[in-house]
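For reference, the structure discussed in these notes is given below.
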């Protein structure tokens, strides 16, 4: 392109110098070629300029694209960091929520226990129903009966001439009557088991006074406190009384230590039952019928006879439980008795 420019000027100048030969055909042809070359040169310049402008524009666009790409990449990295941060926050919040739920569950459990304890404190510790006491009395009755059966069979095995197993039932009932009578006398007649016979009347008077002068919840709290105290303070005395009852049967007849221990456990469960009754807001009484009392089906039962109407009590095998109410005594568990026909 530079060569054409150089050649163009000399050609033009030469032609101007020889203007007198303009009519020569070769000169005209050459002049036309020069003009054509000049036009091509001008077009080339214009095209080159356009290419330069296009190149500049492309470079600018490319620069803007790369800058935009860098911004996008930067935003993407920032977005990834934000995503990671958000994921970590979600994880921590999930852990925190789980901890809060576990803590809330623990608090609810503790609150339920506390509420239950408060309710128990207001209404008496170990609040049980009449049906609960009935079941406990039945279990004690059969456990003592089984212990006596083992005891008697041990005697028969040790002394074959003592008697026959045909007499077991009568012996069991008589022996159970004797033991239950001792249980009733030593543990079930006082208002507060463990206080001792010399203090029982005084404790009863205090109990009645508080019952008349103070709100019911005060009486319940006082009974719970006194029952707990007399049981603990009288524990040694009660253990001695258990040993005394055992000696009436076991030790004098060579009872094995294991059997003595089982009987002592039964006796102590009788004491614990009495304490549970003392904790209640109602007053429960153990009822033991003496011999020759008339049989009354609404208060007692004879497991050996379906109908003992008109007969009298030979002996009480197991006491009954009654609850004091405004309408009198409510029967919780009937006494178990043996009866004989009325002598005329």
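What fraction of the Cα pairs in the stretch 185-234, stated in percent, has a spacing above 18 angstrom? Summing the P(r) tail past 18 Å for the stretch 185-234 gives 26 percent.
In this structure, residue 103 and residue 138 have a Cβ-Cβ separation that, at R0 = 35 Å, corresponds to a calculated FRET efficiency of about 0.20. Mean projected area of the Cα convex hull of the stretch 64-113, taken over all directions, amounts to 3.3 nm². For the stretch 278-343, the mean projected area of the C-alpha convex hull, equal to one quarter of the hull surface, is 4.8 nm². Label positions at residue 216 and residue 27, each projected 7 Å from the Cα along the C-beta direction, are separated by 14.7 nm. Stokes-Einstein diffusion for the stretch 225-344, with the hydrodynamic radius set to the Kirkwood value over Cα pairs and evaluated at 20 °C in a medium of 1.002 mPa s, equals 128 µm²/s.
We did not get these values from a lab; they are worked out from the coordinates using the rules stated. Since the structure is predicted, the reported quantities are computational estimates derived from the model, not experimental observations. Heads up, the Cβs are rebuilt from the backbone with ideal geometry, glycines too, and the neighbour counts pull from every protein chain shown.
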